Each structure stands twice: as C-alpha cells, then as structure tokens.
Amino acid sequence: MPPTRLDISAIHVKAHVVPTGVDSRGDFSVPPSVDTVGWYKYGPGLTASSGSIVIGGHVDSATEGVGAFFHLTDLRPGNRISLSSRGTTRWFRVVAREQIPKANIDLGRYFSAGGALRLTLFTCGGSFDRAHRSYTDNIVVTAVPAR
Amino acid sequence: MTIPHLRRIGMAGAMLVVGAVAGLAVGAPASAADDSSVSVVHGIPGQPVDVYVNGKKTLSNFQPTKVAGPLSLSAGSYDVALTKPGGSVDSPIIENKSLAVPGGKNLSLVAHLTADGKPALTPFVNDTSMIKPGMARLVVRHTAAAPAVDVRANGKVAFSNLTNPKQASADLPAGSVKADVVLAGTSTVAIGPQTVNLQAGTETIVYAIGSARDKSLALVAQNISGLGQAPGGMPAGTGGQAASGGHTWWFAGAGAGIVLLIAGVALGISRRPHAVSRQ
C-alpha cells in the first residue's frame with residue numbers, strides 16, 4: 001500500500017508522499033517539488049511486514065529553496081515518525097542517522113526487501129559541489145517500528 | 001531354504017548401509033552458505049504424491065499444481081523418490097537416485113510429464129541475479145506432455161518454439177501481462193489466456209504442465225522475491241544551503257552499530273534453514 005503522508009513532529013515535517021521510481025539514469029527519482037517526498041514504489045509499502053520502506057526527499061533545491069528534509073540531520077534517537085495513508089497509520093522511532101559519501105554508499109542494504117521491517121529516510125548533505133550543483137554525501141535515517 | 005534366507009539377510013544389510021549413508025548425507029554439517037534452496041513443483045495432474053529425500057518422507061500428500069519448500073539442502077547427491085500417498089518408497093512413481101545439488105544455488109525440482117507423457121523429475125537452476133529497478137523477471141518452463149509451443153504476452157509472441165523441458169526468460173517492466181500458450185507457429189491456444197502480475201524485483205516462473213492428450217494442460221506459478229536492485233544513486237538536493245562545514249556526529253557510532261545489527265538480523269533470517277511448508 002502506498003503511503004501518502006509523513007509526519008515528523010520533532011523537525012516539523014508534514015509532507016505529502018507520492019510513489020516514485022527511478023529516472024532515466026537509474027537514480028532514485030525524488031519528486032521535483034521540495035515540499036513533497038517520494039516513496040520507493042518498487043520496494044516495501046506501508047503495510048509491509050519485512051524489508052526497508054524507503055522515502056527520499058530534497059534537502060533543498062536551487063529554485064525552490066529549503067526542502068522537506070532540510071532538518072533531517074537534526075533527528076535524534078527515539079524521535080517518532082508516522083507514516084500513513086487513508087485509514088492506516090504506522091509509527092516508527094529513529095534508531096540511527098548516518099552521513100555517507102555518495103561515492104561509497106551501498107544502497108543495496110538500504111533498499112533491501114528482506115530483513116526486519118524498517119523505515120529509511122534519505123536526503124543529501126555534506127559539502128556542496130557548486131559546479132555540479134550536487135552534495136557529496138547522503139544523509140540516511142533508519143527508524144524501526146514503534147508502538 | 002537357506003539361500004532365500006541368506007538373500008533376505010543380505011538385502012537387509014544393504015538397506016541398513018543405504019540408510020546410514022542417507023542419514024549422513026542429510027545430516028552432514030555444512031555452512032549455510034553452501035546450502036542450496038530447493039523448491040519442489042508438482043506438475044503431474046491427478047496424482048498427489050509423497051516425496052522422499054534419501055529415503056525419508058519429506059512431503060506428504062503433495063498436491064498437483066502446488067509449489068512446496070524451499071528445502072535447504074547442502075551440496076551433494078540425493079535420492080529423490082515420489083510415491084503414491086502412503087505408498088512404499090520401494091515402488092516409486094518416479095525416482096532420481098542421484099540428483100546432483102550444487103552448493104549455494106536456488107533450484108526448482110519439477111515433477112512433470114515428458115513430451116511423450118512419461119513422469120519425470122527435472123531440476124532447474126533459478127537465475128537469482130538482481131533485477132534492474134522497476135523491472136520483473138519472467139521465466140517460462142515447458143514441462144507438459146505437449147509439442148513445441150510459443151508463449152504470448154498481451155497477444156505478442158514473447159518466447160517461441162519452446163520444447164519440453166526447456167525454459168526461456170526475459171526481464172520486463174513490472175505490471176500485469178495477459179499470457180497464453182499456443183502451438184508453435186500457430187494461433188491455436190493450448191493454455192490460457194491468464195493474467196500474470198509481474199512485480200518489480202520479483203522473478204515469476206511459470207510452468208506449463210499436464211497433458212495435451214488428456215486435456216489437462218495448466219499453468220503453475222512460482223515466485224522468487226527480493227531480487228530488486230537498488231537505484232544507482234540518491235540525488236536529493238541542488239541548492240547548497242545545507243552544506244556542512246563539519247557536523248558533530250553525536251550518535252553516528254551507535255547508529256552504525258544498530259544498522260549493522262539490523263543487517264545481521266536480515267542475514268540471519270535469510271540464512272535460517274526453511275521448514276518445509278506448502279505455498
């Protein structure tokens with residue numbers, strides 16, 4: 001089931017979630033609007049019992065400014081996240097935040113459809129390469145089911 | 001009088017030895033990575049069976065068109081026999097006394113009919129290579145007592161001139177396809193049409209089973225999930241406002257530990273030998 005809404009009160013995120021896949025280069029296709037985040041539709045969905053539910057969102061954009069995930073780096077262990085669709089809400093709690101150079105990141109483990117159920121939030125961070133208008137790192141937040 | 005008696009003793013001795021060897025083979029310690037995952041597919045209509053592996057009953061009253069397992073078997077040679085339910089393992093319907101199981105593979109062992117209608121046990125090695133994001137893998141196996149066929153997807157020939165026991169495969173965009181099986185080179189439908197839902201990152205294996213002469217042709221599907229490749233990258237910012245001059249990573253260490261733990265649990269789950277169950 002596709003989630004439609006993501007709420008993280010600790011960093012004042014109330015974002016609309018849309019299904020997304022990959023672009024022509026095979027990269028995760030983050031929704032163009034910075035207020036909207038993308039759920040990876042080829043992986044586990046809202047009612048999954050295992051694997052990684054992946055949501056990617058802009059930290060910012062050159063044209064629209066600050067993005068929904070601008071403050072992802074402020075998340076702390078225990079912060080609660082709700083992911084919902086009409087009639088279904090699931091709660092998660094943050095257990096980890098990592099900053100990983102894009103050059104080295106093994107996306108396979110974050111997109112795995114196997115293993116314990118978790119919610120994985122992605123954005124960009126690190127230093128900014130102005131020539132390529134791109135950040136050097138990914139910020140990855142891992143959250144596990146909470147009551 | 002003495003000769004039959006001796007013969008009986010001799011046979012009993014031989015069976016004991018076979019049993020001991022079989023017991024060793026089944027119980028042989030092997031690391032999980034060397035095990036193969038073996039699914040069993042029943043493609044002989046009208047004949048439920050018991051499945052014996054090395055003389056030990058592994059599946060009871062296994063019904064046609066069902067897929068069972070996967071069993072976790074270490075590399076080696078196995079004696080696989082199919083009997084009528086409750087039947088003696090000494091008079092099997094089909095037996096392969098030296099089924100070679102390689103290490104670390106995903107196999108499907110298919111009980112089916114040959115092109116001329118004789119029962120057979122054919123192992124297939126499944127392609128578990130990763131599938132590109134948004135794509136699905138369709139594998140078609142001809143395991144029916146029928147001549148060469150073409151397999152059509154949405155009315156167009158996808159695989160042509162497939163003969164028993166050959167297979168064909170393609171990675172396709174995820175979604176539903178209407179599939180049917182026609183006699184090769186014709187538009188005479190032998191099976192279907194049937195809607196097949198191809199999910200991203202999942203391999204769908206479709207078996208044509210049964211017998212054309214007995215009008216028992218049908219399709220059986222088996223799924224292998226979790227083969228979806230991750231996207232190539234995660235570009236999620238073009239503004240530069242969030243650029244860091246060096247954050248303090250107050251729980252990066254703990255975080256990495258927890259992520260490793262989750263990854264470990266994932267591995268543990270995937271490596272745990274599967275109990276035999278019907279799907």
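Of all the criteria given as (1) facing chain B (nearest Cβ under 9 Å); (2) closer than 15 Å to B:Ala236 by Cα, the one not satisfied by A:Ser50 is (2).
Rundown of residues vs (1) at the interface with another protein chain (Cβ under 7 Å from one of its Cβ atoms); (2) touching a His at 6+ places or on another chain (Cβ under 9 Å); (3) at pLDDT 95 or above, yes/no style:
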| residue | (1), (2), (3) |
| --- | --- |
| B:Val206 | no, no, yes |
| B:Ile224 | no, no, yes |
| B:Gln229 | no, no, yes |
| B:Gly240 | yes, no, no |
| B:Gly246 | no, no, no |
| B:Ala252 | yes, no, no |
| B:Leu261 | no, no, no |
| B:Ala266 | yes, no, no |
| B:Ile269 | yes, no, no |
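Here the strands (runs of 3 or more DSSP E) wholly within the stretch A:70-135 that include at least 2 residues being crowded, with 18+ Cβ neighbours inside 10 Å, within 15 Å of the chain's Cα centre (by Cα) and within 7 Å of chain B (Cβ to nearest Cβ) are A:88-101, A:118-129.
Of B:Pro102, B:Pro92, B:Pro85, B:Pro64, all but one fail to be under 19 Å from B:Ile224 (Cα atoms) and more than 13 Å from the chain's Cα centre (by Cα); the exception is B:Pro102.
Quick one: in the stretch B:153-181, which of the residues that are over 30 Å from B:Pro231 (Cα atoms) and in contact with a Gly (Cβ under 7 Å, 6 or more places away or on another chain) is surrounded by the fewest Cβ atoms within 10 Å (Cβ to Cβ)? Ranking the candidates gives B:Asp180 first. Could you tell me whether B:Lys105 is touching an Asp or Glu at 6+ places or on another chain (Cβ under 6 Å), among the basic types (Lys, Arg) and open to solvent by 10 Å² or more (accessible area, probe 1.4 Å)? When the stated conditions are applied, B:Lys105 does not pass them.
The values are calculated or read from the model by the stated rules, or taken from the named source; none is laboratory data. Computed from a predicted model, the values in this text were never measured in an experiment. We place every Cβ from the backbone using ideal geometry, glycine too, and count neighbours over all the protein chains shown. Note: areas computed on protein heavy atoms with side chains; ligands, DNA, RNA excluded. Shrake-Rupley method; radii C 1.70, N 1.55, O 1.52, S 1.80 Å.
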